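Note sheet for the following structure.
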Amino acid sequence: MRVLIAILLCAAALPAQKPLSEQEVRASMQAKERERKHLWETKDYRAAVRLLEGLVADPELRRYPDLLLGNLYNLACGYALTGDSAKAVARLREILDLGYHNVANIQRDTDFDSIRNDPGFLAVIAEMKAVPDFWDGPAWRTPYQPDLPEDQKIAGLSRFWSEVKYNFAWFEHLPRDFDWDALYVAYIPKVRATRSTLEYYRVLQELCARLKDAHTSVSFPSALGREVLAIPGVSTRFIEGHVLLSEVWDPPLKQDGIVPGLEIVAIDGVPVKQYGAERVSPYLSASTAQSLDVQTFEQSLLRGKMGVAVELTLLAPDGSTLRRSLPRGTSNGAAPQRLPDFEFRMLPGGIAYVALNTFGTATAQKEFERQFDDIAKSRALIFDVRNNSGGNSGYGTAILSHLIEEPTPAEEWRSRQYVPAQRAWGNPPGWTGGKPMTEPSAGQRYRNPVVVLTSPRTFSAAEDFTIDFELMGRGKIIGEPTGGSTGQPLFFPLPGGGSARVCAKQNLYPDGRQFVGVGIQPQILVRPTVADFRAGRDTVLEGALEYLRSALVP
């Protein structure tokens, strides 16, 4: 279920004679939210419905419309899951009256699957679709043109400036003299000088990169994909300051002597570090140096126009040099091998290896729980999130819930709270946030030693997973510092079919320490080496195995 409100109101905790403050109310909700989550996890939906009915009936709840809306949404889900379509539709109509019309969210929510074809449900969805979108109306959804009109370009720049001004969570990471308004004014003539939509979006990306946040970015219109996003049939890895070919997945390139382990030393005659610094990095949004290296040298280095070759100078392990021209695009639709969402195998010594390669789908959580009995036979467990770039942090939390016996603190969050009247009275903007807990699973427990493997490619929801694991005190983090960026991106369209996002939420350690902009630091630092990579050895995994074998009782 997609829960809109993280904390629920306990009616019994609100004496009518002395209403609690908002802070006290929101703090008291945590117990009821834990109860609701437990009921949902155990599929006791009828009990959950009774709990939610009590909450929405409490007049105190109506002091906080956001909490009322979230409870009504969850109650609509509960009614749908218990087969009461009429009450589910009635609650959906209530949240429509409160201003909620996120049709996409409802259509994704599997809790409503049983009433998809109900006439009342279809009528409410139709009414929601008819509500004008206050934030992202048709004025921003103009079609692609090779060169957008100047008015649309200025409008797009202005919208990006405005969304950052009011929503960006990390101005504190920037120098004290950073002036976002002055940058906006300075970029107006740059935008006016662009002669194509591609050039215009490059300028927006350059501006965005000044914010130094990987959850804040500008994306090209899909119509420009073939102009800027095509790559040759190779993948790269940045190790010890060297750019190595990690995979060659286009057969003709293999036949031409292009093999993994070769080092790229120059691109189009320009030294690779210089090429990255001048032609790639200025347009990338990154929170840390290690994240910028990954984006520059592993994700974006060879991108360009479909069919246009990139000239590589390659250095072999024996010191010989070869030059090859690699066309962007591949033969016969060849594509890189995609890592599975979830991998499990038992290593020698009874150590379970579990790779959680993405939280973009529920597969990792579902497979971990499906194969838990086999995983539980191990003497120790390795979670590998080195290649996990994020997704839904709830999937990681569900996996971690099998490691604990009692609730443990999770990473805290906060978001800017702008109240116009407070600004008029001369008061600074405030913050709203939460202090969630990781709850133990109602099912199986894993009690043996656990470690987590990280890298600079560990990003976003995978960092949420790593922080919460660290806070549990269940084991060591081994490997390299993470990418150092998570949060809640706010997405919005831009003219010509492009889009942008702004990080609207800070995530922090409960004691206030920051890892965004720094990266989560492993307790045991192990970095890959060029020699090990070329020899097919996994330096970090070997380090984890060495640690676990020394820690396990024979």
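State whether one or more residues within the range 440-452 are at negative phi, within 23 Å of the chain's Cα centre (by Cα) and not in a helix (DSSP H, G or I).
Yes, because at least one residue in the range 440-452 is at negative phi, within 23 Å of the chain's Cα centre (by Cα) and not in a helix (DSSP H, G or I).
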Part of a loop (DSSP other than H, G, I, E, B), farther than 30 Å from Arg226 by Cβ and not polar (S, T, N, Q), is that true of Asp373? no
Long-range neighbours under 7 Å by Cβ, at least six apart or interchain, first residue not assigned by TED's automatic domain parsing to the domain that holds Ser499 and surrounded by 14 or more Cβ atoms within 10 Å (Cβ to Cβ) within the range 158-179, second of a type in the set (A, V, I, L, M) and part of a helix (DSSP H, G or I): Phe160/Leu204
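Please specify each residue of the range 262-274 satisfying the condition of being part of a loop (DSSP other than H, G, I, E, B) and surrounded by 15 or more Cβ atoms within 10 Å (Cβ to Cβ).
Residues of the range 262-274 part of a loop (DSSP other than H, G, I, E, B): 262, 268-269.
Residue satisfying the conditions is Leu262 alone.
Can you find even one residue in the range 274-287 that is closer than 30 Å to Arg141 by Cβ, within 26 Å of the chain's Cα centre (by Cα) and polar (S, T, N, Q)? Step through it out loud before you land on a result.
Going residue by residue through the range 274-287, those that are closer than 30 Å to Arg141 by Cβ are 280, 282-287.
Next, from what is left, pick out any that are within 26 Å of the chain's Cα centre (by Cα): 280, 282-287.
With polar (S, T, N, Q) added as a condition, the list becomes 285, 287.
Yes; the residues of the range 274-287 include at least one that is closer than 30 Å to Arg141 by Cβ, within 26 Å of the chain's Cα centre (by Cα) and polar (S, T, N, Q).
Conditions tested, residue by residue: (1) touching a Leu at 6+ places or on another chain (Cβ under 7 Å); (2) surrounded by fewer than 17 Cβ atoms within 10 Å (Cβ to Cβ); (3) hydroxyl-bearing (Ser, Thr, Tyr); (4) touching a residue at least 40 places away in the same chain (Cβ under 8 Å).
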residue: Glu311; (1), (2), (3), (4): no, yes, no, yes
residue: Pro317; (1), (2), (3), (4): no, yes, no, yes
residue: Thr330; (1), (2), (3), (4): no, no, yes, yes
residue: Asp341; (1), (2), (3), (4): no, no, no, no
residue: Gly350; (1), (2), (3), (4): no, yes, no, no
residue: Thr361; (1), (2), (3), (4): no, yes, yes, no
residue: Lys366; (1), (2), (3), (4): no, yes, no, no
residue: Asp373; (1), (2), (3), (4): no, yes, no, yes
Taking the conditions exactly as written (assigned to a strand (DSSP E or B) and outside the structural domain of Asp268 (by TED's automatic domain parsing)), does Tyr395 satisfy them or not? no
Within the range 104-117, is even one residue of a type outside the set (A, V, I, L, M, F, W, C), outside the structural domain of Ser499 (by TED's automatic domain parsing) and in contact with a strand residue (DSSP E or B) (Cβ under 7 Å, 6 or more places away or on another chain)? no
Exactly one of Ser281, Ser287 is part of a loop (DSSP other than H, G, I, E, B) and among the polar types (S, T, N, Q), and that residue is Ser287
Output yes when any residue across the range 436-449 is closer than 20 Å to Ala169 by Cα and modelled with pLDDT under 95, and no when none is. yes
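May I ask you to verify whether Val203 is modelled with pLDDT of 95 or more and assigned to a loop (DSSP other than H, G, I, E, B)? Give the derivation first.
On the way: modelled with pLDDT of 95 or more: yes; assigned to a loop (DSSP other than H, G, I, E, B): no.
In short, no.
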Being at pLDDT below 95, more than 27 Å from the chain's Cα centre (by Cα) and hydrophobic (A, V, I, L, M, F, W, C) narrows it down to one of Ala139, Ala155, so name that one. Ala139
Please state which of the following conditions Lys212 fails to meet, knowing it meets all the rest: (1) surrounded by fewer than 19 Cβ atoms within 10 Å (Cβ to Cβ); (2) within 25 Å of Ala289 (Cα to Cα); (3) of a type outside the set (Phe, Trp, Tyr). (1)
Can you name every residue in the range 467-477 that is in contact (Cβ under 8 Å) with a residue 60 or more places away in the chain and either under 16 Å from the mean Cα position of the chain (by Cα) or surrounded by 24 or more Cβ atoms within 10 Å (Cβ to Cβ) (or both)? Asp468, Phe469
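Please find, among Val234, Val259, Val243, the residue that is without any contact (Cβ under 8 Å) to a residue 40 or more places away in the chain, surrounded by 13 or more Cβ atoms within 10 Å (Cβ to Cβ) and closer than 30 Å to Ala535 by Cβ. I'd like the intermediate steps shown before the answer.
Details: Val234 fails: without any contact (Cβ under 8 Å) to a residue 40 or more places away in the chain; Val243 fails: without any contact (Cβ under 8 Å) to a residue 40 or more places away in the chain.
Only one candidate qualifies: Val259.
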Candidate set from the range 435-466 (those that are among the hydrophobic types (A, V, I, L, M, F, W, C) and closer than 24 Å to Gln371 by Cα); member that is surrounded by the fewest Cβ atoms within 10 Å (Cβ to Cβ): Ala442
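Could you check how many residues of the range 322-360 are among the β-branched types (Val, Ile, Thr) and in contact with a Gly (Cβ under 7 Å, 6 or more places away or on another chain)?
Initial filter on the range 322-360 (among the β-branched types (Val, Ile, Thr)): 330, 351, 354, 358.
Now restrict to residues that are in contact with a Gly (Cβ under 7 Å, 6 or more places away or on another chain): 330, 358.
Going through the range 322-360 one residue at a time, the tally reaches 2.
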Could you check the range 188-200 and list, in sequence order, the residues that are assigned to a loop (DSSP other than H, G, I, E, B) and in contact (Cβ under 8 Å) with a residue 40 or more places away in the chain? Thr194, Arg195, Ser196
Give just the number: which of (1) at pLDDT 95 or above; (2) in a loop (DSSP other than H, G, I, E, B); (3) more than 18 Å from Phe220 (Cβ to Cβ); (4) over 28 Å from the mean Cα position of the chain (by Cα) does Val185 not satisfy? (2)
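The values are calculated or read from the model by the stated rules, or taken from the named source; none is laboratory data. Because the structure is predicted, anything quoted here is derived from the model rather than measured. When we count neighbours, we look across all protein chains shown, and the Cβ atoms used for this are built from the backbone with ideal geometry, even at glycine.
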